[in-house]
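The values are calculated or read from the model by the stated rules, or taken from the named source; none is laboratory data. Only a predicted model underlies this, so the values are computations on that prediction, with no experimental measurement involved. Cβ placement follows ideal geometry from the backbone for every residue including glycine, while neighbour counts extend to all protein chains displayed.
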Amino acid sequence: MNDAELVRRTRQGDLDAWEALMQAYQQPVFRFACLLLGDADEAEDVAQETFIRAYRSLASFDLERAIRPWLLQITANLARNRQRSAGRYLQALRRWSQSEPAPTTTLGERSGPQWESQVLRQAVQRLTRTDQEMIYLRYFLDLSERETADALGIAAGTVKSRTHRALQHLRSVVDTDFPVLAEERQA
Amino acid sequence: MSEPRSKDNWEQRVRDTAKGFRYPLTPDISGAVRQRLEGRTAQATGSGRRRLSWALVVVCALAGLLLVPQVRASVRALLRIGVIEIELPTATPQAQFATPLVQQPLTSTPMLTTSTTLALTPTPRPTPVSGLLALVGETTLDAARRRMPYPLRLPTYPADLGPPDRVWVQDLDGPATIVAWMDSENPTRIRLALQVLFSPAFGRKSAVIHLEETQVNGRPAAWVQGRHMLQFERATDHYDYDLGRLVEGNVLIWTDDTYTYRLETDLPLAEAVKIAESLR
């Protein structure tokens, strides 16, 4: 059963259909929220709220539209709102009190793909919110240009130029603050 | 290495590096949401319980900070309704606007310059239409409905209101719709204007003289009377600037599950609430 049919059934009150849609998309929604918020608990809240909001808006959802970018659009907006709320201060306080010393790692551990990807995310966090969303959607979540445009509510034709600018900004941050990522991998 | 090849390499490097990112295990979001939709649980559980205990810690920490006079003086009282933050009025009857306005989407006044002091009065005046002519993004109601992420509801009271005469959609880091009904007896004036805002738009009202907390559909709302400043933050790829204007008249601000609404009117509060509660 495709997404459009699941949405139609949900509109008729079939919660099993909605649950099937959620199971299909909860991972990218949750992961996007994790990338934006940096906290799994906050991301879980935002992910739940994404599906609650989406469910309440299904009556006006355009069935010709892909559902994944729409869900990610809601996630991005809720994450922004979350960061403006008092909750971010509580989270900062929690992180401060739970902060652990940086793990001692060997040189080998600090050069693996997982470590590099975490450093990359730290670099992305230095960018503007718009650039962050672009980088996360295109490269971390691997959305197409079309889906990215849909998720960000922008014209498809501007995704390429905005992506290019975001990559340039990221490169500047990396060159300045994360030189280890700027080094070309040896073949 | 030529410039284009370097660009492609960097993009590929980012793509390859991002693939190695390890995410936390995805929890059972679908099950939790289903429970909420069926009414079996009231709210999100992910961080709710932990948030309560940390709230107590923050309250204690803030109480200690507020013992410092300098801290107390610097804390401005704020009321937040949806995406609109309102600085609570002070005892000062006049306001001095030190920051020149950059842009006035719905302006009814000339642009202010530095150190202009206004004698503020609570008398509401309808917004002249001349300000709207400078507003970008005029469109049709159908087009606005397609742009907004959730259904766009409009007032059905008063009974003779009808569909809006003018519609705009603007980019405030997310689509924002403004609908206006013109005064049939004075076509140069707006009878009613409704702004529909969606996160991540973020606006701030300052230099507020009169603020009253009220309710719309049982939810907290704010009623602002008299001239005050309204500014929106917006960050784009091209520039960051504040959209600011001087608002005259009365404004009712409220939210529902989806949007934050601003109703600009010269009607009294009771009528404004009736209009707000008539949205369908």
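Figures for the structure shown
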{"read-out": "Residue match in the range A:56-78 (condition: in contact (Cβ under 8 Å) with a residue 24 or more places away in the chain, in contact with a Leu (Cβ under 7 Å, 6 or more places away or on another chain) and of a type in the set (Lys, Arg))", "value": "no"}
{"read-out": "Selection within the range A:145-159 - farther than 17 Å from A:Val29 by Cβ and either within 11 Å of chain B (Cβ to nearest Cβ) or in a loop (DSSP other than H, G, I, E, B) (or both)", "value": "A:Ile154, A:Ala155, A:Thr158"}
{"read-out": "Wholly within the range B:172-224, strands (runs of 3 or more DSSP E) carrying at least 2 residues that are modelled with pLDDT of 80 or more and more than 14 Å from chain A (Cβ to nearest Cβ)", "value": "B:175-183, B:186-197, B:210-216"}
{"read-out": "Count of residues meeting criterion [in contact with a Cys (Cβ under 7 Å, 6 or more places away or on another chain) and over 19 Å from B:Arg22 (Cβ atoms)] in the range A:30-54", "value": "0"}
{"read-out": "Residues of the range B:235-280 satisfying the condition of being assigned to a loop (DSSP other than H, G, I, E, B), in contact with a strand residue (DSSP E or B) (Cβ under 7 Å, 6 or more places away or on another chain) and modelled with pLDDT under 85", "value": "B:Gly249"}
{"read-out": "Any hit, the range A:33-41, residues being farther than 19 Å from A:Leu137 by Cβ, in contact with a Gly (Cβ under 7 Å, 6 or more places away or on another chain) and either surrounded by 19 or more Cβ atoms within 10 Å (Cβ to Cβ) or of a type outside the set (Phe, Trp, Tyr) (or both)", "value": "yes"}
{"read-out": "Flag if A:Gly13 is within 20 Å of A:Gln125 (Cβ to Cβ), more than 9 Å from every other protein chain (Cβ to nearest Cβ) and not basic (Lys, Arg)", "value": "no"}
{"read-out": "Residue check for B:Leu161: at pLDDT 80 or above, in a loop (DSSP other than H, G, I, E, B) and surrounded by fewer than 21 Cβ atoms within 10 Å (Cβ to Cβ)", "value": "yes"}
{"read-out": "Selection from the range A:125-144 of residues that are crowded, with 16+ Cβ neighbours inside 10 Å, outside any helix (DSSP H, G or I) and under 13 Å from the mean Cα position of the chain (by Cα)", "value": "A:Leu141, A:Leu143"}
{"read-out": "Residue tally, condition over 10 Å from the mean Cα position of the chain (by Cα), more than 8 Å from every other protein chain (Cβ to nearest Cβ) and aliphatic (A, V, I, L, M), over the range A:25-64", "value": "4"}
{"read-out": "Inter-residue pairs, beta-carbon under 6 Å, first within 7 Å of chain A (Cβ to nearest Cβ) and in the range B:7-21, second surrounded by fewer than 18 Cβ atoms within 10 Å (Cβ to Cβ), 6+ apart", "value": "B:Gly20/A:Pro113; B:Gly20/A:Gln114"}
